[in-house]
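Notes follow once the structure below has been shown.
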Amino acid sequence: MDHETVIASSACESCPAHHAANLHRLGVDMTDWDYVVALAGNPNTGKSTVFNALTGLRQHTGNWPGKTVTRAEGGYEYNQERYKLVDLPGTYSLLATSPDEEVARDFILFGRPDATVIVVDGTRLERNLNLVLQVLEITDRVVVCLNLMDEVQRHGWKIEDRLLGKELGVPVVPTIARTRGGFDQLLEVIADISSGRLVGRPHHRKISDPGLEKAVSKLTRELDQLYPDLPNQRWVAMRLLAGDESIETALRNGEIGDLKQDVVRQGADEELNLKEQEQ
Ligand SMILES: Nc1nc2c(ncn2[C@@H]2O[C@H](COP(=O)(O)OP(=O)(O)O)[C@@H](O)[C@H]2O)c(=O)[nH]1
Ligand SMILES: [Mg+2]
């Protein structure tokens with residue numbers, strides 16, 4: 001392989017449940033966070049289990065702005081740094097054909113999390129990789145949490161997690177979320193990606209059709225002029241050319257420039273509400 005790769009992790013198959021020594025669960029306390037971390041994944045991959053284990057929370061904390069999609073946020077501290085963890089709705093894709101997918105896509109794109117952890121069901125790897133590849137089109141700041149490794153082992157299967165990490169160009173951490181197996185490494189890798197100590201280098205699809213490449217490049221330049229703050233304009237251009245109406249509507253309504261602010265503001269409002277509830 002001629003591309004740069006990231007060294008992926010190895011499973012600690014024989015280790016008992018890990019107790020991440022430097023982890024402090026902060027519950028709903030998300031004040032003064034250093035990093036925002038999004039949790040994405042197909043439904044039933046163990047996202048909420050990871051979320052609960054890291055934050056100490058058990059319950060959903062509200063809805064996404066203007067949607068009946070549940071939103072869960074919580075905090076944790078690891079090695080003296082504070083993380084705000086956002087559990088995104090479970091989705092099979094980010095093509096925004098449902099409110100869940102729209103919420104997940106908008107947060108990953110416009111919320112600009114410092115890291116996006118994609119929780120993957122190791123027993124359904126192929127199906128789960130669809131979402132991983134879509135997220136990698138939007139952001140390089142990705143950690144793949146290869147979960148349900150106990151189930152993988154129970155089936156007598158083996159996953160070449162290092163090779164998978166090399167092929168994807170982002171770190172892959174095998175976990176058993178139910179018993180927190182692999183969490184030491186998960187926390188470490190999230191810290192490394194969030195801080196930029198570790199840089200993901202996913203292999204973006206090249207457009208082979210020269211006409212299409214020209215159209216994408218042209219539209220990307222136009223988007224850059226109209227919306228200089230828009231993250232990943234190339235991705236947005238490709239979605240527009242694919243006829244993604246929700247992106248088009250968001251652009252036409254001028255929502256896109258405000259989206260990041262909305263996400264942040266809504267988060268702040270909810271923190272206030274939660275604080276009031278606590279008292
Ligand atoms: N065996 C096993 N079960 C797990 C693991 N992680 C989560 N689960 C279980 O998988 C189910 C779905 O987990 P949940 O966290 O609700 O998934 P979500 O839909 O992605 O939020 C629950 O019954 C969890 O207890 C794991 O690593 N191994
Ligand atoms: Mg869940």
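Between the beta carbons of Glu126 and Leu241, assuming R0 = 22 Å, the FRET efficiency works out to 0.20 to the nearest 0.05. In the range 114-164, the C-alpha radius of gyration followed by the widest Cα-Cα span (Dmax) gives 11.5, 35 angstrom. The residue among Thr179, Thr91, Leu146 whose Cα reaches farthest toward the positive pole of the charge dipole of the range 23-203, with charges on the beta-carbon of Lys, Arg, Asp and Glu, is Thr179. Here the Kirkwood formula, the inverse mean of 1/r across different C-alpha pairs, assigns the range 45-92 a hydrodynamic radius of 11.5 Å.
Remark: for residue pairs Lys67/Lys166; Lys67/Lys158; Lys84/Lys206; Lys47/Lys166; Lys84/Lys218, the C-alpha separation exceeds 32 Å in Lys67/Lys166; Lys67/Lys158; Lys84/Lys206; Lys84/Lys218. The shape of the range 23-203 comes out rounded: with a ≥ b ≥ c from the C-alpha gyration tensor, a/c is under 1.5. Dividing the C-alpha radius of gyration of the range 103-253 by 2.2 N^0.38 Å, with N its residue count, gives 1.18. Per-residue packing, averaged as other Cβ atoms within 10 Å, sorts the ranges 44-50, 129-135, 210-216 into the order 44-50, 129-135, 210-216, beginning with the highest.
Going 7 Å from the Cα of Thr68 along its beta-carbon direction, which residues of the range 77-114 have the amide nitrogen within less than 13 Å of the resulting point? Residues passing the 13 Å test: 99-100. In terms of packing, defined here as the mean over residues of other Cβ atoms within 10 angstrom, the peptides 137-143, 106-112, 201-207 line up highest first as 106-112, 137-143, 201-207. Peptides 119-125, 83-89 ranked from most to least packed by the mean count of surrounding Cβ atoms within 10 Å: 83-89, 119-125. These residues, Trp235, Trp33, go from largest to smallest accessible area, 1.4 Å probe, as Trp33, Trp235.
Charged neighbours of Asp244, selected by a Cβ distance under 13 Å, balance to -3 (K, R count +1; D, E count -1). Charged side chains reduced to their Cβ positions (Lys and Arg at +1, Asp and Glu at -1) give the range 23-203 a dipole of some 260 debye around its Cα centre.
Using the Cβ of Ala177 as centre and a radius below 12 Å, the other residues enclosed give a net charge of 0, where K and R count +1 and D and E count -1. Calculated FRET efficiency, Thr179 to Lys206, Cβ-Cβ distance, R0 = 45 Å: about 0.60 to the nearest 0.05.
The values are calculated or read from the model by the stated rules, or taken from the named source; none is laboratory data. Because the structure is predicted, anything quoted here is derived from the model rather than measured. Note: ideal-geometry Cβ built from the backbone for every residue, glycine included; neighbour counts use all protein chains shown. Calculation scope for accessible area: heavy atoms of the full protein, side chains included, ligands and nucleic acids excluded. Shrake-Rupley method; radii C 1.70, N 1.55, O 1.52, S 1.80 Å.
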